[in-house]
Amino acid sequence: MLLEVEGSLRLFGGLERLLERLREGLDTMELTTQFAVAPAARAALWRSRGGGARLEELPLEVTGFDSGGFFRNIGISTVGELLKLPREGLARRCGQALLDDLDRALGTAPEAREYFLPPPRFAAKLELPAEVSHADGLLFAARRLLVQLEGLLAARHAGVRGFTLTLLQSEASTVVEVQLASPAREAQRLWELLREKLATLSLSCPVEAIRLEAGDFSPLHARTAGMFGDALAEDESWGRLAERLQARLGPDAVYGLATHPDHRPEYSWRRVEPGEWDPREFRHPGPRPLWLLQAPRPMREDDLQLLAGPERIECGWWDGDEARRDYFIARFSDSSLGWVYREAGAWFLHGLFA
């Protein structure tokens, strides 16, 4: 892997600090690496293959020049010895391409490289060194894949709202789905949610390998703090709490509510993922109770003291559940307030005010 770092040295505090951060990240992924730095990409590539030795001391094997053994037969074994030979003779015997490669390594000739484009989806598989039948072992292995996912997302300036971890077993496979309240890419946050999911999982047989997959990346921009407190950080902490509860209890136990474009109260709401609702979508239709009964309850008109209304709601003729109701705010004998309506001459209680 070749990295052009000259333009980033000041940002990272110099070459040594940048290399230190790279080593830490690669160590987290448990990758064995050999670093080498040079003014030209080809020279850095050769140096990394040669264990970081100086360019002149590198064996010709790292360059690929001596595949036929020609230079070895004439006693040339290093790049430095090759550079001392007359260029005219080298061009005549080995072709201009060899000289061009040497010039690129020395930085005296330009070299066009195709830039890496991070893929739009992530998929990685990890074979476990031994069968694992407990969550802790799976979490340890999954962290390595989550760090890789974080790197890809950082390269794309993106986050994910969910990912899947497939546990590959000898007899079957188990798919663990993790959902987030808002797009994120931090490996630690993803790992904590996965831990909650795995804590409720019972494995029927040991796991031999794991596969992590994620797609549908969402743009993720740098966050700036507000002048009068960080409301965004508060929203994020609530979102993370919802994520953890949903991971532990399941999506049917933790969800949000949002408005739905229907005048009938029983159809005017919908379930959404935590954090999905945009308050700007809300249009206040008028006074509404905090609690809506699952089904309207018949009432006697004598038990009601009407305080406000009527509000006419006429809707639903197109779907077979037509409503023609006059809604009122009413006080009951115990001084509580309710939302009642009259339809076809009968009275019903539909909701209660706090």
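The values are calculated or read from the model by the stated rules, or taken from the named source; none is laboratory data. These numbers were taken from a predicted model, which means no experiment stands behind them. Positions of Cβ are generated from backbone atoms using ideal geometry, with glycine treated the same way; all protein chains shown enter the neighbour counts.
Computed quantities for the displayed model
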{"quantity": "Set Arg17, Arg21, Arg49: member being of a type in the set (Lys, Arg) and either touching a Cys at 6+ places or on another chain (Cβ under 7 Å) or surrounded by 13 or more Cβ atoms within 10 Å (Cβ to Cβ) (or both)", "calculated": "Arg49"}
{"quantity": "Number of positions in the stretch 122-154 that are more than 22 Å from Leu203 (Cβ to Cβ), out of contact with any Lys or Arg (no Cβ under 7 Å at 6 or more places or on another chain) and in a helix (DSSP H, G or I)", "calculated": "5"}
{"quantity": "Residue among Leu18, Leu3 that alone is closer than 22 Å to Leu149 by Cα, outside the structural domain of Ala97 (by the TED database) and part of a loop (DSSP other than H, G, I, E, B)", "calculated": "Leu3"}
{"quantity": "Phe12 of a type outside the set (Asp, Glu), surrounded by 11 or more Cβ atoms within 10 Å (Cβ to Cβ), over 39 Å from the mean Cα position of the chain (by Cα) and more than 22 Å from Glu114 (Cα to Cα)", "calculated": "no"}
{"quantity": "Residue check, Gly52 outside the structural domain of Val147 (by the TED database), farther than 30 Å from Trp191 by Cβ, out of contact with any Leu (no Cβ under 9 Å at 6 or more places or on another chain) and in a helix (DSSP H, G or I)", "calculated": "no"}
{"quantity": "Neighbours by Cβ (under 9 Å, 6+ apart or cross-chain): first from the stretch 1-29, at positive phi; second acidic (Asp, Glu) and outside any helix (DSSP H, G or I)", "calculated": "none"}
{"quantity": "Sole residue being under 29 Å from Glu6 (Cα atoms), charged (D, E, K, R) and touching a residue at least 40 places away in the same chain (Cβ under 8 Å), chosen from Arg49, Arg104", "calculated": "Arg104"}
{"quantity": "Residue ID - farthest from Phe353 (Cα to Cα), chosen from residues in the stretch 315-333 that are in contact (Cβ under 8 Å) with a residue 24 or more places away in the chain and part of a strand (DSSP E or B)", "calculated": "Cys315"}
{"quantity": "Close pairs (9 angstrom Cβ cut-off, 6 or more residues apart or separate chains): of a type in the set (A, V, I, L, M) in the stretch 145-161, at pLDDT below 90 and assigned to a helix (DSSP H, G or I) anywhere", "calculated": "Val147/Gly25; Val147/Thr28"}
{"quantity": "Contacts under 7 angstrom Cβ, first residue in the stretch 65-94 being closer than 16 Å to Ala105 by Cβ, partner among the polar types (S, T, N, Q), 6 or more apart", "calculated": "Val79/Thr63"}
{"quantity": "Any hit, the stretch 52-62, residues being in contact (Cβ under 8 Å) with a residue 40 or more places away in the chain and farther than 30 Å from Glu150 by Cα", "calculated": "yes"}
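Here's the yes/no breakdown for (1) closer than 18 Å to Ala247 by Cα; (2) over 12 Å from the mean Cα position of the chain (by Cα); (3) modelled with pLDDT under 90:
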position	(1), (2), (3)
Leu165	yes, yes, no
Val175	yes, yes, no
Leu180	yes, no, yes
Trp191	yes, no, no
Lys197	yes, yes, yes
Leu203	yes, yes, yes
